[in-house]
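Encoded as C-alpha cells, the structure appears first; notes follow it.
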Amino acid sequence: MDVLLLTANVGSLFDDLEGLQIIWLQEFYQVVKKYTPHFIALHCQEIGGKDYEAGMVHVNKFVADILSSNEMKEYNRVRVYIDQDFSAHDHFTALGSMYFLHQSIQDIYQFDFKVQSYKEVQGKEVHTTSLHNNSMIEKERFSQDFWPEFKWSRKGYIRTRWRLQNRIFDLVNIHLFHDASNLIAWKSPSTFPGNRRKALGHVLSRITDARYEKVPFLIFGDFNVRLDTQRVVETLCSTASVETILNGEPEDVKKVTFQERGNDHKVLLRIESKTFDYFDQDVFRHNNGKALLEFDQELTTFFNEICELDIEFPPSYPYSEINTEGTLYANTRCPAWCDRILMSPSANEVVVKGKYAYDLMGLSVCMGDHKPVFLYFQLTD
C-alpha cells in the first residue's frame with residue numbers, strides 16, 4: 001500500500017482565494033498524481049487564515065473543492081475533521097485533518113477512542129462542529145500554562161488512529177508555538193524553544209500513555225522549530241560591526257544592524273522584532289541549506305523518542321506571499337525547517353523498508369509563507 005502524508009500551514013491561502021489557493025491545489029493534485037497513493041493524510045494548520053474570524057467562512061468551500069475535484073474522484077472514502085468553531089476559546093485550534101482512501105483498497109479501519117474499538121471506514125464524512133466531543137479523534141488546545149506570557153494561543157493537536165490492512169498507526173496533527181520576536185530569539189537562550197519543547201513533550205506523553213494500546217505513530221505539522229538564531233548570526237556576521245538602536249529605554253531594543261567594517265559599511269543583516277533581513281538569501285537555498293542544519297537543534301531533546309528522515313530540502317518557512325516570488329524568502333524571520341514529519345522508532349522501521357520520499361511541495365511556485373512538506377512511503381508486508 002502506498003501512503004502519502006502531507007503537512008501544510010494554510011494560513012496564507014484564505015487571504016488570497018483566487019491566487020494562492022488555486023496554485024496550492026494544483027500542486028497538491030500534482031503530488032497525488034505523481035505518487036498515486038492508496039491512503040492520503042493531509043494535516044493543515046491555521047485553517048481559515050491568520051484572520052480566522054473573517055476567513056473561516058471560506059473553509060467549507062476549500063474542503064468541498066478538494067472532495068469534488070476530478071483529481072480526487074477515485075478516493076471514495078473520506079474523513080475530514082476541521083476545527084473551525086473559534087467561539088469555543090478553550091478548545092479552538094484551527095487545525096484540519098483530512099484523510100482520503102482510494103477505491104482500490106479495502107480493510108481500512110479508524111479507532112473510536114471512547115468505545116476503544118475499530119470501525120470500518122465507509123463513505124465520506126466532514127466534521128466541523130463539537131470536535132472536542134468527537135470520539136474518533138483526540139483533540140486538545142494547549143493550556144495557558146505552556147506560554148504564560150502570551151495572552152491566548154490556538155496551538156494544539158489532533159490525534160487519529162488507523163488500521164491500514166494489518167498495520168496500526170497514530171497520525172497526529174500538531175501546531176506548536178512561534179517565536180514572538182526576532183530580537184528576543186537572537187538573545188539566546190530565549191523562552192520560545194522551551195515553550196515548544198514543553199508542548200511537544202506533553203503531546204508525546206499523551207500519545208504514549210497507558211490509556212490506550214501503544215502503537216507506532218507519525219506526528220506531522222507546523223512544529224515552528226527555529227534555528228539557533230544567535231549562532232546563525234554569529235556565523236553569517238562573524239566579522240561585522242554591530243549597531244543597536246533603542247526605542248528609548250536601555251533594555252528596549254528597536255533594531256540591530258550588522259555592517260561590514262570596510263566596503264562602505266555595507267549592511268549585512270538587519271534584525272527587528274518582525275524583521276530578519278539578510279543581504280544574501282542564497283545562503284539558505286544553496287545545497288538545500290545543508291550548512292545550516294547544524295543549527296537545527298531544538299528537536300534533539302526528543303531523539304530517543306522520535307525519528308526523522310534526512311532533510312534534503314531547503315527551509316520551509318518563511319516564503320514570500322507574493323505570487324511572483326515563489327522561490328524567495330520573506331524578510332520576516334530567519335528561514336527554518338518549521339514544517340516536519342516525525343515518527344516513532346517503530347514507525348520509522350516500517351517507513352524505511354520500502355521506497356520513500358521526504359520533500360517540499362511547490363518548491364518553484366508561491367504556496368504562501370509555508371511550503372508544505374510531504375512523506376511518501378510504501379507499507380510492505
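Summary table below
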{"read-out": "Pairs, first under 16 Å from Ala291 (Cα atoms) in segment 303-323, second assigned to a loop (DSSP other than H, G, I, E, B) and basic (Lys, Arg), C-beta under 6 Å, six or more apart", "value": "Ser316/Lys371"}
{"read-out": "Cross-chain or 6+ apart pairs with Cβ under 8 Å, segment 16-31 first and more than 17 Å from Gly48 (Cβ to Cβ) and assigned to a helix (DSSP H, G or I), then open to solvent by 30 Å² or more (accessible area, probe 1.4 Å) and modelled with pLDDT of 95 or more", "value": "Ile23/Val365; Glu27/Val365; Tyr29/Glu71"}
{"read-out": "Selection status of Cys366, hydrophobic (A, V, I, L, M, F, W, C) and either touching a Pro at 6+ places or on another chain (Cβ under 9 Å) or surrounded by fewer than 22 Cβ atoms within 10 Å (Cβ to Cβ) (or both)", "value": "no"}
{"read-out": "Scan of segment 1-23 for residues that are open to solvent by less than 10 Å² (accessible area, probe 1.4 Å) and at pLDDT 95 or above, ordered by number", "value": "Val3, Leu4, Leu5, Leu6, Thr7, Ala8, Asn9, Val10"}
{"read-out": "Of residues in segment 79-122 being among the aromatic types (Phe, Trp, Tyr) and at pLDDT below 95, the one most open to solvent (accessible area, probe 1.4 Å)", "value": "Phe86"}
{"read-out": "Residues of segment 123-147 satisfying the condition of being more than 22 Å from the chain's Cα centre (by Cα), buried (at least 16 other Cβ atoms within 10 Å of the Cβ) and over 28 Å from Lys198 (Cβ atoms)", "value": "none"}
{"read-out": "Count - residues of segment 354-363 that are open to solvent by 60 Å² or more (accessible area, probe 1.4 Å) and either in a loop (DSSP other than H, G, I, E, B) or among the β-branched types (Val, Ile, Thr) (or both)", "value": "2"}
{"read-out": "Among the residues listed as Glu321, Glu294, Glu308, Glu325, the single one being over 17 Å from the mean Cα position of the chain (by Cα), among the charged types (D, E, K, R) and closer than 27 Å to Arg196 by Cα", "value": "Glu294"}
{"read-out": "Test set (1) of a type in the set (D, E, K, R); (2) assigned to a loop (DSSP other than H, G, I, E, B); (3) crowded, with 16+ Cβ neighbours inside 10 Å - Lys50 fails condition number", "value": "(3)"}
{"read-out": "Matching entry among Val373, Val351 (being open to solvent by less than 10 Å² (accessible area, probe 1.4 Å), farther than 16 Å from Asn224 by Cα, within 20 Å of the chain's Cα centre (by Cα) and at pLDDT 95 or above)", "value": "Val351"}
{"read-out": "Segment 281-304, subset open to solvent by 50 Å² or more (accessible area, probe 1.4 Å) and part of a loop (DSSP other than H, G, I, E, B), residue farthest from Trp337 (Cα to Cα)", "value": "Asn304"}
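The values are calculated or read from the model by the stated rules, or taken from the named source; none is laboratory data. No experiment lies behind these values; they were computed from the predicted model shown. Cβ coordinates were reconstructed from backbone atoms using ideal geometry, including for glycine residues, and neighbour counts include every protein chain displayed. Areas reflect the complete protein model, heavy atoms only, side chains present, ligands, DNA and RNA absent. Shrake-Rupley method; radii C 1.70, N 1.55, O 1.52, S 1.80 Å.
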